[in-house]
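The structure appears below as structure tokens.
The values are calculated or read from the model by the stated rules, or taken from the named source; none is laboratory data. In this text, all values refer to a predicted model and were calculated from it rather than measured experimentally. Note that we place each Cβ from the backbone using ideal geometry, even for glycine, and neighbour counts take in every protein chain shown. Heavy atoms of the whole protein, side chains included, go into the accessibility calculation; ligands, DNA and RNA do not. Shrake-Rupley method; radii C 1.70, N 1.55, O 1.52, S 1.80 Å.
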Amino acid sequence: MSTTVDASVAAHAAYEPVIGLEVHVHLLTATKIFCSCSTRFGAPPNTNVCPVCLGMPGALPVLNRKAVEFATLAAMALNCRINETSIFARKNYFYPDLPKGYQISQYDKPLAEHGFIEVKTSNTEDAGDHRVKKIGITRVHLEEDAGKSLHEGFPDAAEKTALDLNRAGVPLIEIVSEPDIATPDEAYEYLTRLKEIILYTGVSDCNMEEGSLRCDANVSVRPRGQKELGTKAEIKNVNSFRFIREALIYEIARQVEVIESGGTITQETRLYDAHEGRTYSMRSKEQAHDYRYFPEPDLLPLVVDEKWKSEIAKTLPELPEARRARLVKEYGITEYDAQVLTASKALAEQFEAAAKSAKNPKRVANLVQGELMGRLKARGAEIEQSPISMKGVAASADLVEIGAISGKMLKDLYDLSFERNQDFPEIYEAEGRPQQSSDTSSLEKIVDEIVAANPRQLEQYRAGKKTMIGFFVGQVMKASKGQANPQLVNELLTKKLG
Ligand SMILES: [Zn+2]
């Protein structure tokens, strides 16, 4: 992943990129932030609206307690300091999807500040030996979302723009990073970790296709060693982490080229075109908004006191990084295993429940990665769609552990599970609880036959080529159709050949 970036960084070694990210995340409350309208995505246009979120004169906002709790919880997970008192402010601008003519947000007194996310980095200069770097989080604040302008999907769409105000008033948190991000790879890593943490807290589904997570990037370049920041461009409305990374790579190269050819960077907002793989100017600073922020007169200051804060803190779950470290320690699995198994909170929880119930947790981890993930990937399915549950994996792991079935038999049973879309225990029953053969006398017969049929290999073995035993084991397993207990086969062969 990092090769292209490394190449571009090397080519522009004289310049240092400075990147900051602004991420908007929808909170999973049932109702909007200042009224009791539903937040459900996909409802028919303008059905989840009321005088408050339509901005009717005289309608007054009432703050949603759950939105505050979710925002606070997210801010805690991002290592922020929660301000006991924060202030809602009006951000004034005109846009058709903003019925009040202002957005209720927070400005100089946000809900939370001074957080950070740890990311893995290849940029060792910043991170010392640990290859882990702290990216600062300036602030996390609460605000309402705007509505949506629709340009298609209705009869006279060619001439007209329609408005859907269902989204107006859906609670958002805005998470603003410090300009600590030095490469497009770090930006990608920051966003991945951020999304993972938010998902673990359960305050948002972070669904980018539905706009539940949106990201803008600020980027500038400066001669390496220079203290002052260069002029920045803002890249807006990029709808995947991969595109953010590509947009940054493009934008950094563009800015370096402009400066190198004697030009100056204009402060502006740019859009990324994923098809062309380039950014282009949307509006320059002269056209930029002056939002004329002032305190929202219809809302009291928001007070999250110690008592409330500690109640919210109690709902903070174990976060992904801590969970990974614990899994490595508790189950003796590798860091890579832990990474895969904590990719989502649901998977991590299912895995732990299964591993705890199994005789050998490490075998459960190996089966999930080796046998389950591969089959899911081949089918293009997520873990939630797996025919084999984590309980099923644990059951199969125990059967291998006690020697009841061989690894080969397990593979065949897994294949059947996927073919028939049935969990492992059902398949195992349906197949008549197959057992690998530990019947010594019938195995001895097979061993005798195989040894007799391969005199040349026998001669090589007895001449000192001990690795030849692998050949004999393979032949015996094949002759037993994978039903033989490999350990027993090994013992019998060693005796027979020696
Ligand atoms: Zn409403």
* Asked: When we measure straight from the Cα of LYS309, which aspartates and glutamates land under 20 angstrom away, once same-chain ones fewer than 8 places off are left out?
  -> GLU69, GLU84, GLU113, GLU143, GLU174, GLU318
* Structure fact -> Applying the gyration tensor rule to the Cα atoms of region 245-369 (axes a ≥ b ≥ c; rounded if a/c under 1.5, else prolate if a/b exceeds b/c, else oblate), the class is oblate
* Could you list the residues of region 404-428 with an amide nitrogen less than 20 Å from a label point located 7 Å from the Cα of ASP439 in the Cα-to-C-beta direction? => 404-410
* Over region 36-182: Rg over Rh, Cα atoms, Kirkwood Rh -> 1.09
* Global form of region 299-341, assessed from the alpha-carbon gyration tensor, a/c cut-off 1.5 -> prolate
* Asked: Along region 33-47, what does the Karplus equation 6.51 cos²θ - 1.76 cosθ + 1.60 (θ = phi - 60°) give for ³J(HN,Hα), rounded to whole Hz, x for Gly and Pro?
  -> 6, 10, 8, 9, 5, 5, 9, 4, 6, x, 5, x, x, 6, 9
* Determine which lysines satisfy two conditions relative to LYS356: a Cα distance under 27 Å, and not lying fewer than 8 residues away in the same chain. => LYS314, LYS329, LYS345, LYS377, LYS391, LYS408, LYS411
* Asked: Can you list the HN-Hα couplings for region 103-116, worked out from phi with the Karplus curve (6.51, -1.76, 1.60; θ = phi - 60°), rounded to whole Hz and with x for Gly and Pro?
  -> 10, 7, 9, 10, 10, 7, 10, x, 4, 8, 9, 6, x, 6
* ³J(HN,Hα), Karplus 6.51/-1.76/1.60, whole Hz, each residue of region 60-71, x for Gly, Pro -> 10, x, 10, 5, 7, 4, 5, 4, 5, 5, 4, 5
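Compute the Cα gyration tensor for region 159-223, then decide on rounded, prolate or oblate, letting a ≥ b ≥ c be the square roots of its eigenvalues: rounded whenever a/c is under 1.5, prolate when a/b is larger than b/c in the other cases, and oblate in all that remain. Could you put the intermediate results ahead of the total?
Numbers: a/c = 2.66, a/b = 1.46, b/c = 1.82.
Cα axes put region 159-223 in the oblate bin.
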* Rounded to the nearest 0.05, what FRET efficiency do SER38 and ALA325 have when you use their Cβ-Cβ distance and R0 = 30 Å? -> 0.15
* **Principal-axis tilt of helix 320-331 within the chain, Cα atoms, nearest 10 degrees** => 20
* Asked: Which percent of Cα-Cα pairs in region 416-465 sits in each 10 Å bin, short to long?
  -> 21, 24, 20, 20, 14, 0
* Structure fact -> Within the chain, the percent of DSSP beta bridges that are antiparallel, given to the nearest 5, stands at 90
* **1.4 Å probe accessible area per residue over the chain, in Å²** => 50
* Spatially close lysines, pair count over region 24-153: Cα under 16 Å, gap of eight or more or interchain -> 8
* In terms of Cα to Cα distance under 14 Å, which aspartates and glutamates are near enough to LYS496, apart from those fewer than 8 places away along the same chain? -> GLU444, ASP448, GLU449, GLU459
* Structure fact -> Computed over the chain, the distribution of all Cα-Cα distances in 10 Å bins, rounded to whole %, is 4, 15, 20, 20, 16, 11, 7, 5, 2, 0
* Asked: Give or take rounding to whole Å, what are the principal axis extents of the alpha carbon atoms in region 306-408, in descending order?
  -> 58, 30, 21
* Structure fact -> ASP108 and THR266 label points (each 7 Å along its Cα→Cβ direction) are spaced in nm at 3.2
* Asked: How many percent of the accessible area of the chain is carbon or sulfur, using a 1.4 Å probe?
  -> 52
* Computed E for ASP156/PHE94 - FRET, C-beta separation, R0 35 angstrom, nearest 0.05 -> 0.90
